[in-house]
Amino acid sequence: MEYLLIEIVIFVFFFALHRYFKLKLFQNTKQTILFFAFLFVLGIVWDSLAVFRGHWVFPGSGLVGITIFLLPIEDYLFMILVPYLVLVSKGVIEKFSNKA
């Protein structure tokens, strides 16, 4: 549960930044869906392969306990959250650099 709560807090903070700076991350909905879908699938395949091969594991403590295939539900959220955080961070940095 701890991992999920951390992800939610981070998302809320970056969503607030997104709204405060009125960032437009993509030109249209199709670009948004394609971007996140591509990275989501790539991330899930990557993580599933790594777990399957024993490169890393997800310890039970701190997790909700729901897994889909080999991955905890929090990892699926992580695959969407990280690209979003990067895009918002980039947008905020661009806003500040344009003011200078």
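The values are calculated or read from the model by the stated rules, or taken from the named source; none is laboratory data. Given the structure is predicted, the values throughout are model-derived calculations rather than measurements. For neighbour counting, all protein chains shown are included, and Cβ atoms are generated from backbone atoms with ideal geometry for every residue, glycine included.
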Going through the stretch 9-18 one residue at a time, which ones are surrounded by fewer than 12 Cβ atoms within 10 Å (Cβ to Cβ) and either more than 13 Å from VAL92 (Cα to Cα) or touching a residue at least 60 places away in the same chain (Cβ under 8 Å) (or both)?
VAL9, VAL12
In the stretch 19-41, is there at least one residue being small (Gly, Ala, Ser) and touching a residue at least 24 places away in the same chain (Cβ under 8 Å)?
no
Of the listed residues (LEU49, LEU34), the one being under 16 Å from TYR84 (Cβ atoms) and at pLDDT 95 or above is LEU34
In the stretch 21-44, what count of residues is obtained for those that are exposed (fewer than 13 other Cβ atoms within 10 Å of the Cβ) and outside any helix (DSSP H, G or I)?
4
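Check whether at least one residue in the stretch 70-79 is in contact with a Pro (Cβ under 8 Å, 6 or more places away or on another chain) and among the aliphatic types (A, V, I, L, M), and report yes or no. I'd like the intermediate steps shown before the answer.
Our first condition is that a residue be in contact with a Pro (Cβ under 8 Å, 6 or more places away or on another chain); within the stretch 70-79, this holds for none.
No.
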Reported set for the stretch 45-97 where residues are under 30 Å from ARG19 (Cα atoms), outside any loop (DSSP other than H, G, I, E, B) and of a type in the set (A, V, I, L, M) is ILE73, LEU77, MET79, ILE80, LEU81, VAL82, LEU85, VAL86, LEU87, VAL88, VAL92, ILE93
Can you pull out every residue in the stretch 70-100 that is touching a residue at least 60 places away in the same chain (Cβ under 8 Å) and β-branched (Val, Ile, Thr)?
ILE73, VAL88, VAL92
